[in-house]
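Some notes on the structure that comes next.
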Amino acid sequence: MTPLFYLVPAAALLALLFAWIFFRQMYKESEGTPTMREIAQYVREGAMAYLKQQYKVVVIVFLVLAVFFAILAYGFGVQNPWVPFAFLTGGFFSGLAGFVGMKTATYASARTANATMHSLNAGLKIAFRSGAVMGLTVVGLGLLDISIWWVVLNAFVEEVTPAQTLVVITTTMLTFGMGASTQALFARVGGGIYTKAADVGADIVGKVEQDIPEDDPRNPATIADNVGDNVGDVAGMGADLYESYCGSILATMALGASAFFTQGTDIQMKAILAPMVIAAIGVVLSILGIFAVRTKEGATLKDLLGSLSVGTNLSASLIAVAAFGVFYLLGFDGQNGLPQWWQLSLSVLSGLAAGVIVGKVTEFYTSHSYRPTRKLASSAQTGSATVIISGVGLGMRSTAIPVITIAIAILLAYGCATGFVFSTSTLSLGLYGISIAAVGMLSTLGITLATDAYGPIADNAGGNAQMSELDPSVREKTDVLDSLGNTTAATGKGFAIGSAALTALALLASYIEELKIGFSHIGKTVLEVGDRTVDTLSASITDIVEYYDITLMNPMVLVGVFVGSMMAFLFCGLTMDAVGRAASKMVVEVRRQFREMKGILEGERRPDYTSCVRISTKAAQKEMILPSILAIVVPMLVGVILGPAGVIGLLAGGLGAGFVLAIFLANSGGAWDNAKKFVEEGNFGGKNSPAHKATIVGDTVGDPFKDTSGPSLNILIKLMSMVSIVMAGLTVMLH
């Protein structure tokens, strides 16, 4: 253990400490009036009831998979014996991160509404720092999990040579990423179905049919809607970005161990430590950025966006500078096959820049401060059909710049690491550069995720203010915070999708490395590559590619590409259908209550909120199983039937189609939501006008786009990679 390693667990504990401090600060604030406290309690109970049901299902799936991996490890010997345990801890920490964030959000919403009664800055501070609890918990638990496994495996794993030991340790650690990805997918899909079923039901019957405001206490689905914001947008997003964060670090560690396999363990160790140390420093800089966020009373949406940008830009700028210091101190001096310290620092910079650009482009297309969303709102004057058409077109157009940005970032990260030498001899080093760029993009996740988790807290605060019948000025302030939350949530989704693309590319390379470990499990020590004989452990990525004929002329690869592309659309279709079915049940129930429970609309009788919460909970539990299981089973089957060539095609097709589709869905949904908000501010006739009702339809269509199918895709991309990595030993045995 080199001294620099201890920065990693220290940073993890620091993140968790500040998460606790921010939670305690929030918890000491008042929840407001008795009505505000009562509504907040309803939401808390509903969210906890849902999570308990979800975890019951997830635990069963995890136990089945752990037993399956144990059979592969101990029965067939095609897998490392630590894999079942690593898989379980990944899922546990991912679920814990989402749980802590959701618990915090349910306590923060009423306190945010109450603070907003006094000042906008006070409301922003509580909501944002409560979101920071989620951000810091995710990075803290992620680094803690990585630190624990690094210590444990270093103590117990010993291969023939020290260099081989480091390769086995880092590839074994990758497998706990599958546990995190599996838990994240269930959280995202289940939470997304829950929240959008309630949201669609509340909007269609409440706002469109009955002309009552959003979050009106007379609407039976409004509590379920607020619960959904927490289980989907907070718990789901936390689990999602936990696995992205860990995946990027672990993939870089594995690539570092293999890229410098022949240079000696000292060189290997430097490449392994670099992503962990950068992530650790990113934690400290995220905390500094969180303290920099503040605003003034009477701030506009642009002012608030500027306030959050101060924090995120400060953290990103400082980590860019810190990266140069990290690689310099680690001794990346251009000797013994190592690149120069400034080369990999520029790779990190390319990842950071790509993250900022993707976030800004998402903000441009989804914020009603800019032309695209305002133009979308204008289309509502001619009806809901034109709103739908314009929103779909906007989402499709919005994919261009992010895709080009990520493509340029990949080339720059590769080129900077290799001195812009693009050849088979520099492939491993170039892929390490791309992977370290993903670490750079996610290094300040502590504050980036805070800006995302802040959104549903502000949304719930507005709901609490409306249901508690506070002064209209309070709702106006929370609406400003909510509009900002819609934009930051859309930006966060764009950021998550962009980081998923870089991480998935690194995992693609890691799959090749795992195939090499698979050869050792079956006792195969040499490979016949063309007219050469190559030692399996020292084989390069190009050797493995040639051995399995992984080219576009191989029909196995082409079939895999088609299946991978199909998976993105099939997965979205299943989740969209699931939201539609669940929302239909919600609409029927809300209409029934308005029809049969006289006095609800007059405010003389309280609706039956519990039945709506129950409908969303049952629907989400049932509907999340098929798409989630498919994401696990399909990569297994492709590996068994088509072999490694088919798996590479599957992952490439899933990455290409899933990345573009996810951006389209997230941006269309975000723009429809903020177009509705723009009309509600008094434009094009304001609330209850024909244009308003048209934008509500658009927002209703966009809800599953941006909060269920879209964000679930980046988990699908990485989960298929993780499943393939874990199953690589079996794939090698069969092929």
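The values are calculated or read from the model by the stated rules, or taken from the named source; none is laboratory data. Remember, it's a predicted structure, so these values are computed and weren't measured experimentally. So basically every Cβ, Gly included, is an ideal-geometry build from the backbone, and we count neighbours across all protein chains shown. Heavy atoms of the whole protein, side chains included, go into the accessibility calculation; ligands, DNA and RNA do not. Shrake-Rupley method; radii C 1.70, N 1.55, O 1.52, S 1.80 Å.
Could you check how many percent of all C-alpha pairs in the range 25-65 are farther apart than 11 Å? Percent of Cα pairs beyond 11 Å in the range 25-65: 70. Computed from the C-beta positions of E209 and I21 and an R0 of 41 Å, the FRET efficiency is 0.35 to the nearest 0.05. Taking the longest Cα principal axis of the chain as reference, the axis of helix 237-259 is set at about 10 degrees. Put a dot 7 Å past the Cα of F422, heading toward its Cβ, do the same for F569, and the two dots end up 2.9 nm apart.
Within the range 15-123, the chymotrypsin sites (Phe, Trp or Tyr not before Pro) that combine a DSSP coil assignment with at most 16 other C-beta atoms in a 10 angstrom radius are F76.
The region of the chain that goes longest without hitting one of the trypsin sites (Lys or Arg not before Pro) in a DSSP loop, each with at most 13 other Cβ atoms within 10 Å, is 1-293.
The H on the amide N of V529, modeled in the peptide plane, is under 5 Å from the matching H of V534, each at least 5 residues off or on a different chain. Computing FRET efficiency as 1/(1 + (r/R0)^6) for F562 and R37, where r is the C-beta to C-beta distance and R0 is 60 Å, gives about 0.65. For the Cα atoms of the chain, what angle does the longest principal axis make with the long axis of helix 710-726, in degrees from 0 to 90, nearest 10? Roughly 20 degrees, rounded to the nearest 10. A P(r) calculated from all alpha carbon pairs of the chain, with 20 Å bins opening at zero, reads 19, 53, 24, 3, 0 percent.
The three principal axes of the Cα atoms in the range 1-133 give end-to-end lengths of 65, 42, 17 Å, sorted in falling order. Given R0 = 60 Å, the distance between the Cβ atoms of S30 and L626 translates into a calculated FRET efficiency of 0.85. Give the shape of the range 306-441 as rounded, prolate or oblate, defined through the alpha-carbon gyration tensor: a ≥ b ≥ c are the square roots of its eigenvalues, a/c under 1.5 means rounded, and otherwise the shape is prolate if a/b is larger than b/c and oblate if not. Oblate shape, in that a/c is at least 1.5 and b/c is the bigger or equal ratio.
A simple count of charges around T171, restricted to other residues whose Cβ falls under 10 Å of its Cβ and scoring Lys, Arg +1 and Asp, Glu -1, yields -1.
Principal axis analysis of the Cα atoms in the range 476-635 yields extents of 85, 35, 29 Å, listed in decreasing size. Subtracting the Cα-Cα distance of Q53 and V67 from their residue separation scaled by 0.36 nm leaves 2.8 nm. Counted by Cβ distance under 14 Å from L288, the other residues give a net charge of +2, where Lys and Arg count +1 and Asp and Glu count -1. Taking N as the residue count of the range 388-494, its C-alpha radius of gyration divided by 2.2 N^0.38 Å amounts to 1.60. In this simple spin-label model, placing a label point 7 Å from the Cα along the Cα-to-Cβ direction at both L13 and I404 gives a separation of 4.9 nm. Amide H to amide H distances under 5 Å link Q340 with G334, where only residues 5 or more positions off or on other chains count and H is placed in the peptide plane. For the range 248-392, the Kirkwood hydrodynamic radius comes to 18.3 Å, computed from all pairs of different C-alpha atoms.
Sort L349, L120 from largest to smallest accessible area, using a 1.4 Å probe on the heavy atoms of the protein chains.
L349, L120
Phi angles of the range 411-428 translate, via the Karplus equation with coefficients 6.51, -1.76, 1.60 and θ = phi - 60°, into HN-Hα couplings of 5, 5, 4, 5, x, 4, 5, 9, x, 6, 9, 9, 8, 5, 6, 9, 4, 4 Hz per residue; Gly and Pro are given as x.
Whole-Hz Karplus values for the range 441-455 come out as 4, 9, 5, 9, 4, x, 8, 4, 5, 4, 5, 7, 5, 4, x Hz, taken residue by residue from phi with 6.51 cos²θ - 1.76 cosθ + 1.60 and θ = phi - 60°; glycine and proline positions read x.
Using only Cα coordinates, the Kirkwood hydrodynamic radius of the range 659-735 works out to 14.6 Å. Cα-Cα over 21 Å: which of K207/K677; K52/K103; K52/K125; K125/K676; K196/K693? In this structure, K52/K125; K125/K676 exceed 21 Å between Cα atoms. Compared with the dominant Cα axis of the chain, that is its longest principal axis, helix 265-291 is turned about 20°.
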